[in-house]
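Structure, as structure tokens:
Every number here is computed from the coordinates shown, using simple stated rules; none is lab data. For clarity, every value in this text was computed on a predicted model and none was experimentally measured. Here the Cβ is made from the backbone with ideal geometry for all residues, glycine too, and neighbour counts use every protein chain on show.
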Amino acid sequence: MRKMLIAGNWKMNKTIPESLELIHALMRKLDSSCPAEVVLIPPFTSLFSVAETLRGSSIQLGAQNLSHLTEGAVTGEISGTQLISVGCRYVLVGHSERRNLFQEDDAVINQKLKTALSEGLHPIFCVGESWQEREAGKTKGVIGNQLKRGLDGLTPMEMGKMTIAYEPVWAIGTGKTAQPEQVQEIHEAIRSELSSQYEPETAKATRIIYGGSVTPDNSPSLMSQPDVDGALVGGASLDAGSFYAIISAIK
Ligand code: PGA
């Protein structure tokens, strides 16, 4: 049985005081009966303060990125071990903003996934097609390649720590959400790709979450699709009320 996961990716938003204000507001609303696993993914600068505040709560902490290298003379980078030491359990890898703005290709993403896993983190591995790719009928092929190359060399045991996030690039931050049936179709295709790369049991056990303009209004229909195991929320996670509304719609 896959547990639903709702993750809030704050991107390059929130100072430390703003981060604390947001999590205090969220913690006042959330109670222990929440059936979903909730993950907050603040900017690096807020990780320590947020971790201190979350101590003892069931909310998990994640980071937005990690270095593919493990330590040393790598100015400006942050290692998996450092993320573990600040209290992170999760890390985003392969987000389209990293792919597009920082030219992260499938080979680097594969290295990052391997580094994250070997350092004890649970990656949230993002895949998704551009609008042009969708229009050209290439969606499943593009995502299949991202999965093959990104997961190359990973064992079924390592897959046990992996969450896949399907994020159509055209739906991120645009207010355009994929229709629930379109999302279900792609999640099914991802699961069948995982089935051919691994065993069907591995595919069945892997969480596949959706991201791209998720809001309190559209989340109930998206989250009720059989292969949708949660959401990666950007804009709507910056407000405690709307993020809580998304979480509380999970049954
Ligand atoms: P969005 O971002 O919800 O603002 O579209 C999602 C994401 O980039 O993870």
**Magnitude of the charge dipole, segment 150-251, Cβ model with Lys/Arg +1 and Asp/Glu -1, debye to 20** = 260 debye
**Item:** Exposure proxy ranking, count of Cβ atoms within 10 Å, fewest first, for Trp131, Trp170
**Value:** Trp131, Trp170
**Fill in**
Which residues qualify? For Ala63, with a placed amide H closer than 5 Å and at least 5 residues away or on another chain, they are Tyr90, Val91, Leu92
**Residues Val86, Val214, Val228 arranged by fewest to most Cβ contacts within 10 Å** = Val86, Val228, Val214
**Complete:** Percent of all alpha-carbon pairs of segment 5-248 at distances over 25 Å, whole number, is 38 percent
**Asked** Between Phe48 and Glu119, what FRET efficiency follows from the Cβ-Cβ distance if R0 is 22 Å, with the result rounded to 0.05?
**Response** 0.75
**Message:** So if each residue of separation counts as 0.36 nm, and I subtract the Cα-Cα distance between Ser224 and Ala205, what length gain in nm does that give?
**Reply:** 5.1 nm
**Request:** Identify all lysines with a Cα-Cα distance to Lys114 below 21 Å; exclude those on the same chain that are fewer than 8 residues away in sequence.
**Result:** Lys148, Lys161
**Complete:** Listing Glu21, Glu193 by rising number of other beta-carbon atoms within 10 angstrom, fewest first, gives Glu21, Glu193
**Request:** Please identify which residues in segment 223-251 have an amide N closer than 13 Å to a label point set 7 Å out from the Cα of Ala25, following the Cα→Cβ vector.
**Result:** 236-245
